[in-house]
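The values are calculated or read from the model by the stated rules, or taken from the named source; none is laboratory data. All values reported here derive from a predicted model rather than from experimental measurement. Positions of Cβ are backbone-derived with ideal geometry, glycine not excepted, and every protein chain shown enters the neighbour counts.
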Amino acid sequence: MSPSAALTPVLAAESPAPGLDNVIAAETRLSHVDGQAGELIIAGHHLQQLAGHRFEEVLELLWSGLVPQPLSAGEIAARLGKARVRAFALMQPLLPGLAHLSPVESLRLLLAALPDDSAEPHHVLAVAAVPVFTAAIIRQARGLPLVAPDAARSHAADFLAMLRNEPPADDKVRALDTYLVTVSDHGFNASTFAARVIASTKAGLFSSVVGGLCALKGPLHGGAPGPVLDMLDAIGTEARIVDWLTDSLDRGERLMGFGHRIYRVRDPRADVLKEAVSALKDGSGRIAFAGKVEAAALSLLHERKPLRPLQTNVEFYTALLLEAVGFPRDSFTNVFAAGRMAGWTAHVLEQELTGRLIRPQSRYVGPMPA
Ligand code: ACO
């Protein structure tokens, strides 16, 4: 059969928006991103109002109205604690299968193994599981004994305790809570949209959030903070900042931690995380150096792209914060998933309650049969 030369489009007359830019795909009560004003609203609150609150309090806001029995933040903390213990038990038989996988691939495998017939509410178990799995993945890869969860701790505190096998310092717990809250939800980003598409088929919450994680893994979405540190290391000294950044841009590379599809002004999450990282007791030298790199990068990007305002994005200060609280850089996407799991689970619940099968059309531009 020879292909026809005809390329006549046969369906919708209008061209699709590349990357679905500016397409409103659904209504949500969960979060709103205003890229022109540089604002992020999560469940009726500006991000800046939520910063400083515990992750469990944001879960209360996000899940409220989506589950039959609304829970207070205290009740959520207690249920998450129990669910962390359950996730730790579920994970044990699967650990030998993680050799040779990266931390995010390991997390993908462990989350995919959560059983659909689990007695625990799936949204609670999914949120509880990510820190348990991530701490175990990191420790196992380093040949360290695993640390069991402590159901009495807050979610952020237990994450750090399972990671480091020591009681975590208060300033680090506060910083991690701020990070988890800051990345908890962000409109219809690629991973949330992927999770909602899967939820719309009624495939179930675990399948939906695994789809979200797969989308998050890419370097254009959740895979950027590790490379931010690689960039800071490669620059090395203050004297090399401008030359290094100039050479990188001359080679046509993108500077990691800058630019955003939606924000045309500064990403508000970058400011919240900058403040959180500055409040940490140690690490000030690294942060001061990063501030100089940021200033030079913004100035060069502005010179080269005067019509495309490129600003610092969330990943830049994520990298500094997660490094300062003790996560290895190859696990940063997992920690992002620990926070974003709040949004994914809420969006899946919202989609299941209110949504319809998501099934857009494509415009055929291939050959027509002869
Ligand atoms: N460094 C240098 N140039 C850049 C950067 C950057 N970080 N970001 C965009 N540009 C340039 C592009 O090369 C392009 O130039 P051109 O018009 O001459 O081709 C122009 O700015 C517009 O770029 P787009 O690709 O249209 O920007 P888009 O909105 O699609 O991409 C993205 C956004 C993917 C985040 C991009 O800015 C990027 O690659 N940044 C670096 C990676 C990063 O930090 N990712 C984390 C994003 S935050 C998150 O997902 C949680």
**OP:** From (1) within 14 Å of the ligand (Cβ to nearest atom); (2) closer than 25 Å to Gln48 by Cα; (3) buried (at least 20 other Cβ atoms within 10 Å of the Cβ), pick out the condition that doesn't hold for Leu245.
**Re:** (2)
Original post:
Can you name every residue in region 164-183 that is touching a Ser or Thr at 6+ places or on another chain (Cβ under 8 Å) and under 16 Å from Thr333 (Cβ atoms)?
Top reply: Tyr179, Val183
**OP:** Examine region 328-346 for a residue that is surrounded by fewer than 24 Cβ atoms within 10 Å (Cβ to Cβ), away from the ligand (no atom under 14 Å from the Cβ) and more than 20 Å from Ser191 (Cα to Cα), and state whether such a residue exists.
**Re:** yes
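Just the residues that are of a type in the set (D, E, K, R) and within 10 Å of the chain's Cα centre (by Cα), please, taken from region 177-214.
The first filter runs over region 177-214 and keeps only residues of a type in the set (D, E, K, R), leaving 177, 185, 196, 202.
Of everything in region 177-214, just one residue is of a type in the set (D, E, K, R) and within 10 Å of the chain's Cα centre (by Cα), namely Asp185.
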**OP:** Output the number of the condition that Ala194 fails; it satisfies all remaining conditions of (1) near the ligand (Cβ under 10 Å from one of its atoms); (2) under 30 Å from Glu350 (Cα atoms); (3) free of Cβ contacts under 8 Å to residues at least 40 places away in the same chain.
**Re:** (1)
Subject >> Scan of region 326-352 for residues that are closer than 24 Å to Glu60 by Cβ and either among the basic types (Lys, Arg) or at pLDDT below 95 (or both), ordered by number >> reply: Arg340
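Looking for something away from the ligand (no atom under 13 Å from the Cβ), surrounded by 23 or more Cβ atoms within 10 Å (Cβ to Cβ) and either closer than 27 Å to Ala157 by Cβ or free of Cβ contacts under 8 Å to residues at least 24 places away in the same chain (or both) - is there at least one such residue anywhere in region 222-241? If you could, list the steps in order and put the result at the bottom.
Here is the first cut: in region 222-241, the ones away from the ligand (no atom under 13 Å from the Cβ) are 232-241.
Within this subset, residues satisfying the condition of being surrounded by 23 or more Cβ atoms within 10 Å (Cβ to Cβ) are none.
No - not one qualifying residue is present in region 222-241.
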Original post:
When only residues in region 20-51 that are under 19 Å from the mean Cα position of the chain (by Cα) and at positive phi count, which is modelled with the highest pLDDT?
Top reply: Ala43
**OP:** Would you be able to tell me the number of residues in region 72-97 that are buried (at least 18 other Cβ atoms within 10 Å of the Cβ) and at pLDDT below 95?
**Re:** 0
Subject >> Residue count, region 29-52 (criterion: within 15 Å of Asp267 (Cα to Cα), aliphatic (A, V, I, L, M) and in contact (Cβ under 8 Å) with a residue 40 or more places away in the chain) >> reply: 6
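Kindly indicate whether Leu320 is part of a helix (DSSP H, G or I), farther than 20 Å from Ala87 by Cα and within 15 Å of the ligand (Cβ to nearest atom).
Values: part of a helix (DSSP H, G or I): yes; farther than 20 Å from Ala87 by Cα: yes; within 15 Å of the ligand (Cβ to nearest atom): yes.
Here the answer is yes, as Leu320 does meet what is asked.
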Subject >> Residues satisfying the stated conditions in region 261-312, i.e. away from the ligand (no atom under 16 Å from the Cβ), of a type in the set (A, V, I, L, M, F, W, C) and without any contact (Cβ under 8 Å) to a residue 24 or more places away in the chain >> reply: Ala288
Subject >> Within region 24-107, helices (runs of 4 or more DSSP H) holding 1 or more residues that are small (Gly, Ala, Ser) >> reply: 73-91
**OP:** Considering only region 170-191, state which residues are farther than 20 Å from Leu59 by Cβ and more than 16 Å from the ligand (Cβ to nearest atom).
**Re:** Asp170, Asp171, Lys172
